[in-house]
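S.K.: Provided herewith is a single structure, encoded as structure tokens, for subsequent inquiry.
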Amino acid sequence: MIAGLLAVLGLLAAGSTGYVAAAPGVSAPASDPGAPTAAEMQAALLTAADLGPPFTPATSTGGTAATTVTGCEPLAGMLNAPSGPEGTQVEAAFTAGDQGPYLAETLATTADQAALANGYEQLRAAVAQCRSLTFRSEGTAALTFDGTPMNFGGPGSAALRLDGTYQGVQINGYVAVEKLGPVILGYVYFQVGSGSSQLAVAYYTQAAAKARPLATG
């Protein structure tokens, strides 16, 4: 279960902003004076210290590349598409013990801010209209989730609640994307055996607050 969940977590967090970073029309690394540097974005990510115990940095399972998504287009296609070399993207992922919760955050930007805005609008619309997603990873059973759009971030953001079971165990997750000035924030939170959104919303609020200064430089 752990390997499968971490694979899904990594795919969602990296795939959501990765699509924007590789959006058509982007042709160069981020260099716009309004776009933050990789170091500035890295400093704006959540840390284990921000989250507090028992969260620790997640160890990669190496299974993310073998995970595919079906059941909800165009979001599934966006998540399956590999990230391009354009733009700047940083990420962080955490777990809180063997049974989670699991949290991942990604920040992405590009030199072409018009393309960034266009790509984000496509992604936001895809998240808002999704109703079902199935994840298949090598060596694990498929994970199928019912999707319910919800209010999560600030104005112009999009969020999706995911509910499913894995071998009879309740799995609940949240995907949120928000454009903060020249940066796209991607956020994913999964938990086992609980359907409460309280912690997911609280950690997202914390992530957005830490990243929001990037919008003003």
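The values are calculated or read from the model by the stated rules, or taken from the named source; none is laboratory data. Just so we're clear, the structure is a prediction, and the values are computed from it rather than from any experiment. Here the Cβ positions follow ideal geometry from the backbone for every residue, glycine too, while neighbour counts run over all protein chains shown.
S.K.: Go through the stretch 193-209 residue by residue and tally those that are surrounded by fewer than 18 Cβ atoms within 10 Å (Cβ to Cβ) and not in a loop (DSSP other than H, G, I, E, B).
M.R.: 6
S.K.: Within 24 Å of residue 216 (Cβ to Cβ), in a strand (DSSP E or B) and either at pLDDT 80 or above or more than 17 Å from the chain's Cα centre (by Cα) (or both) - does that describe any residue in the stretch 44-60?
M.R.: No - not one qualifying residue is present in the stretch 44-60.
S.K.: Mind listing whichever residues of the stretch 171-193 are of a type in the set (Ser, Thr, Tyr) and touching a residue at least 60 places away in the same chain (Cβ under 8 Å)?
M.R.: Within the stretch 171-193, 187, 189 meet the criteria.
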